[in-house]
1. Determine the gain in length on full extension of the stretch residue 81-residue 40; use 0.36 nm per residue of separation and subtract their C-alpha separation, reporting nm with one decimal.
2. Excluding residue 36 itself, what net charge comes from residues whose Cβ is under 13 Å from its Cβ, given Lys and Arg +1 and Asp and Glu -1?
3. Quick one: Cα centre-to-centre distance for the stretch 60-92 and the stretch 26-50, in angstrom?
4. Restricting things to alpha carbons, tell me how big the stretch 27-87 is in terms of Rg and Dmax, in Å.
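Each value in this text was obtained by applying a stated rule to the coordinates, not by laboratory testing. All values derive from a computational prediction rather than experimental measurement. In this analysis, Cβ positions are derived from the backbone assuming ideal geometry, glycine residues included, and neighbour counts consider all displayed protein chains.
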Amino acid sequence: MQNNDSQAFSSILECYIQVIDLAMICSKVLIIGLGQLGLASAKYVKERGFDTYGYDINTEAMAAAHRNAGIKQVTDFGSHDFDIHNLCVNSQTQ
């Protein structure tokens, strides 16, 4: 029985190490669109320890995200090497 327990522990430890490795590789996240969904997503990502950046065509939305949640502002996508891009924009036609 102890052998099975140590194998289970070893498997769990291996999965945990893989998650840590992924977090170390994917550390810079860009959220495009800082409305209701985008701002909530940016806060969620930042709370989990990722280096979080935000962009919105509304500069006040970017300023508010920075002021209220510490989301870094970006206006030039080529100036940073982002690991993940998350697009949170309205797709409804007006």
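1. Gain in length upon complete extension: 12.5 nm.
2. Values: positive: 43; negative: 56.
For residues surrounding residue 36, the net value is 0.
3. The two parts, judged by their Cα centres, are 8 Å apart.
4. Here Rg and the maximum Cα pair distance are 10.0, 26 Å.
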